[in-house]
Amino acid sequence: MVKIEAVLQPSKLDAVKDALLEAGIEGMTILEARGHGRQKGHTEFYRGREYTVDLLPKVKIELVVADELKDKVIAAITGAARTGRIGDGKIFLSKIDEAIRIRNDERGDSAL
């Protein structure tokens, strides 16, 4: 099993969620996040004063999938989230040793 964490622009959430559902992925966790990468934020004017916004709004999607679905999920996320500009986001992969469904104690891939 693989845990996939994707940090994206909030405007791409619906497109990525639809792409994942179309790829057959049913379970996911979506979190609101703030951060920055290479774009380092930007400056804005409010009531005539300039200030720096260095933590930009982001969305983090977490899902655990079977190893054979990993490439399909990555293709769905990148296809739906890519604009070609800086700030599109990142995908992180982690190996998961075990998954346990609390309701009935199912384990492994069947718990997903």
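Just so it is clear, none of the values below were taken in a lab; they were calculated from the coordinates. Computed from a predicted structure; not experimentally measured. In this analysis, Cβ positions are derived from the backbone assuming ideal geometry, glycine residues included, and neighbour counts consider all displayed protein chains.
Are there strands (runs of 3 or more DSSP E) fully within region 13-112 with at least 2 residues that are surrounded by 10 or more Cβ atoms within 10 Å (Cβ to Cβ) and touching a residue at least 60 places away in the same chain (Cβ under 8 Å)? List them.
Working: elements: 29-35, 42-46, 49-53, 56-65, 89-95.
Counting at least 2 such residues, we get 56-65, 89-95.
Okay, residues lined up against (1) of a type in the set (Val, Ile, Thr); (2) under 11 Å from the mean Cα position of the chain (by Cα):
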| site | (1), (2) |
| --- | --- |
| 32 | no, yes |
| 45 | no, no |
| 54 | no, no |
| 59 | yes, yes |
| 65 | yes, no |
| 84 | no, no |
